[in-house]
Amino acid sequence: MRGRGGIGLLTGLAALVSSEAAQAGAWNLPKGQGEVIVKYEAIRAESYFAADGSRRDLPGGRRDVAVGVFAEYGLSDRLTLQAKGEWQDGRDDYLDYQGLGPIELGVRWQAYRDERNVAAVYVGYAEGGEGRNAGYAPPGAGDSDWEVRLLGGRSFERGFVDLQAARRWRDGLPDEIRADATAGLHLNRDWMVMAQAFGGAADGDGAARWLSLEGAVVRRFGDWRLQAGWRHAVAGRETPAGRGPVIGIWRRF
């Protein structure tokens, strides 16, 4: 299972505070500034969460590898344009697949900001791809999605907290609610640690539920940043209990 928030992914999604937005969160980029993030995820599962939430063996196991690109650009001091997509390569006991995952385009509006607090609204549209458009669905299932996401953040002297809640209306898959949380701590100018949680639920009795936790370290090299982390599914229903590394490279421009 991959946590796919409004940034998906995502793939998705955290923020650095002060004057530096490192991933899409409630903090907008200044007008005329942009960022590109490339992420590699290699998630494997030997078990899954059954309908009652218990963990059971997954015959043959499952592998989901994705290389994703996320870009954002400040259209104004309150509007940021976002785009993302990914290439997927996966295998389970029944099939092997390769293909383009969902492509998403959206706009984030910063509704409020002061020295410590920020609130924003994101609206996005996604076109389904040949890969998995949802971690609980077979490849190719799902056509198009609309998402509305509320984002709120608070910065501290050496860290930040970012909270997000979303509603996703899906064509070809159940509608979903999602909730993501990120906390970051700056150890010094060049090093930061992050903790994230990605959760959600599909509509319907007995439908999929998921909760994954991720820890990461981020190293800054001027305008470049390198992220290394580990994601682990800790609870769910009708979803694989995946875990594996997440590597990211960020570039401001």
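Laid out as a table, the results:
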| quantity | calculated |
| --- | --- |
| Residues (open to solvent by 40 Å² or more (accessible area, probe 1.4 Å), in contact with a strand residue (DSSP E or B) (Cβ under 9 Å, 6 or more places away or on another chain), farther than 20 Å from Leu226 by Cβ and not aliphatic (A, V, I, L, M)) located in the stretch 34-80 | Arg44, Glu46, Tyr48, Asp52, Arg55, Arg56, Asp57, Gly60, Arg63, Tyr73, Asp77, Arg78 |
| Number of positions in the stretch 154-171 that are open to solvent by 60 Å² or more (accessible area, probe 1.4 Å) and either at pLDDT 95 or above or closer than 21 Å to Asn28 by Cβ (or both) | 6 |
| Test: residue in the stretch 124-143 that is closer than 23 Å to Asp77 by Cα and in a strand (DSSP E or B) | yes |
| The stretch 196-253: number of residues that are on the phi > 0 side of the Ramachandran plot and outside any strand (DSSP E or B) | 4 |
| Leu151 buried (at least 16 other Cβ atoms within 10 Å of the Cβ) and modelled with pLDDT of 95 or more | yes |
| Residues satisfying the stated conditions in the stretch 105-119, i.e. at pLDDT 95 or above and open to solvent by 80 Å² or more (accessible area, probe 1.4 Å) | Leu105, Trp109, Tyr112 |
| Unmet criterion (only one of (1) at pLDDT below 95; (2) buried (at least 18 other Cβ atoms within 10 Å of the Cβ)) for Gly99 | (2) |
| Residue in the stretch 211-223 that is surrounded by fewer than 19 Cβ atoms within 10 Å (Cβ to Cβ), without any contact (Cβ under 8 Å) to a residue 24 or more places away in the chain and among the β-branched types (Val, Ile, Thr) present | no |
| Count of residues meeting criterion [of a type outside the set (D, E, K, R) and surrounded by fewer than 16 Cβ atoms within 10 Å (Cβ to Cβ)] in the stretch 120-140 | 5 |
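The values are calculated or read from the model by the stated rules, or taken from the named source; none is laboratory data. None of these values were measured; they are calculated from a predicted model. No Cβ is skipped: glycine too gets one built from the backbone with ideal geometry, and neighbour counts run over all protein chains shown. In case anyone asks, the SASA skips ligands and DNA or RNA and just uses the protein heavy atoms, side chains included. Shrake-Rupley method; radii C 1.70, N 1.55, O 1.52, S 1.80 Å.
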